[in-house]
1. Taking the Cα-to-Cβ direction at residue 249 and at residue 74 and moving 7 Å from each Cα, how far apart do the two end points lie in nm?
2. In the chain, carbon and sulfur make up what percent of the accessible area (probe 1.4 Å)?
3. Based solely on its DSSP helices, what 222 nm [θ] is calculated for the chain when runs of n ≥ 4 H residues each add -39,500 (n - 2.57) and the sum is averaged over all residues, nearest 500 deg cm²/dmol?
4. Quick one: accessible surface of residue 217, probe radius 1.4 Å, all protein chains present, in square angstrom to the nearest 10.
5. So what is the diffusion coefficient of the chain in µm² per second by Stokes-Einstein at 10 °C and 1.306 mPa s, using a Kirkwood Rh over Cα pairs?
6. Which net charge results for the neighbourhood of residue 253, defined as the other residues with beta-carbon distances under 14 angstrom from its beta-carbon, given Lys and Arg at +1 and Asp and Glu at -1?
7. Can you give the extra length, in nm with one decimal, that the chain gains between residue 66 and residue 185 once fully stretched, where that is 0.36 nm per residue apart less the Cα-Cα distance?
8. Given R₀ = 22 Å, FRET efficiency for residue 131-residue 173 by Cβ-Cβ distance, to 0.05?
Amino acid sequence: MKKQCYIRGFGAFVPEKVLTNFDLEKMVDTSDEWIKTRTGIEQRHIVAEGQSTSDLTSQAAEVALADAKMNREELSHILVATCTPDAYCPNTACITEDKIGLKGRMALDLSAACSGFVYGLKLASSLVQTEEDANILLCGGETMSSRTNWEDRNTCVLFGDGAGAVIISATPTENSTAVVDVELSSDGSLRDLLTIRGGGSSLPYKVGQTVPDEHFIMMQGREVFKHAVRSMVGVCKDLMERNGLTPDDIDMLIPHQANMRIIEAVGKKLTIATERVFVNVDKVGNTSAASIPIALGQAKADGLLEPGKNILLTTFGGGFTWGAALLRT
Ligand code: ACO
């Protein structure tokens, strides 16, 4: 990247309704013990009837604006990373823009599954190279519950709903966080291992047809696990090396909150001690593109982003897509 850009505000929002493992025991053949042991998840937040992704992103945006102490009129671009948009058309960025009382901005959705937010960081970083006055609202928001097959115990225990947002600017302020570097990758030959195909042009809906299982999340869990760990570890090593850092220089690793075993494996292979690895998957589950910005919003609210820290983000998702970003608070 030619020059750094800066995060001026962080925000996270999860819907009020909580779905516990004990609630899931009543829905499918599973147990709190199985879910906790295999995933570390205890509960997840789920939208109320009628609540959609833009309701979550707009709330997270309000928190980020307040954190940045920024007037909303100063926002120049609205980016929303999501694989569960409100609709195919209009995009969720336009709806978010309207819900926070704006119009006239560039408003774009990004699709890179769980990696969408980190992909968005790269895009926002590129935009500020050409537009000096840019103040970009970048949200990661998901209503995973809308694409969950609630009869499939393999997947329905994993996901949750929520949104996170950051505001990215070309110029720093007193407490802003620098986006130092971002590295992204992908491998489309592995696309069938994690899918939400139904309704896309490869599997269109037909009027009157019963909704097929492919409408919902389908996943080959063990394969996903293997690739997720390998890819996140590899991209983190590359990024640290490129920036002259060792694992000891990383004050906090924020990995995609897919499940506890993936998080632990990534931390261990990178030799980053457990106490420096951020975890909230137990409380929110896997919120896909919202996972990292929710974690960042929570870390900011909890006072964990004090000045002078190196924060390493890493992500992995359907596509497959993956990446890492280095932040300096
Ligand atoms: N409750 C009880 N039993 C279950 C459940 C459940 N919720 N889900 C699966 N099982 C059963 C299976 O049916 C299987 O039973 P069988 O042996 O009688 O056939 C048994 O448990 C073992 O199933 P596996 O799939 O082999 O279980 P595994 O140990 O691999 O754990 C898991 C499954 C947790 C999904 C694991 O593969 C994993 O963590 N994968 C990573 C996937 C992931 O996190 N994806 C998130 C989306 S991608 C991303 O965000 C990066």
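1. A separation of 3.1 nm, rounded to one decimal place.
2. 50 percent
3. -9500 deg cm²/dmol
4. 10 Å²
5. D = 81 µm²/s.
6. 0
7. 39.5 nm
8. Details: r = 18 Å, r/R0 = 0.80.
Calculated transfer efficiency: 0.80.
The values are calculated or read from the model by the stated rules, or taken from the named source; none is laboratory data. For clarity, every value in this text was computed on a predicted model and none was experimentally measured. Every residue, glycine among them, receives a Cβ derived from its backbone with ideal geometry; neighbour counts consider all protein chains shown. Ligands, DNA and RNA are excluded from the accessible area calculation, which covers all protein heavy atoms including side chains. Shrake-Rupley method; radii C 1.70, N 1.55, O 1.52, S 1.80 Å.
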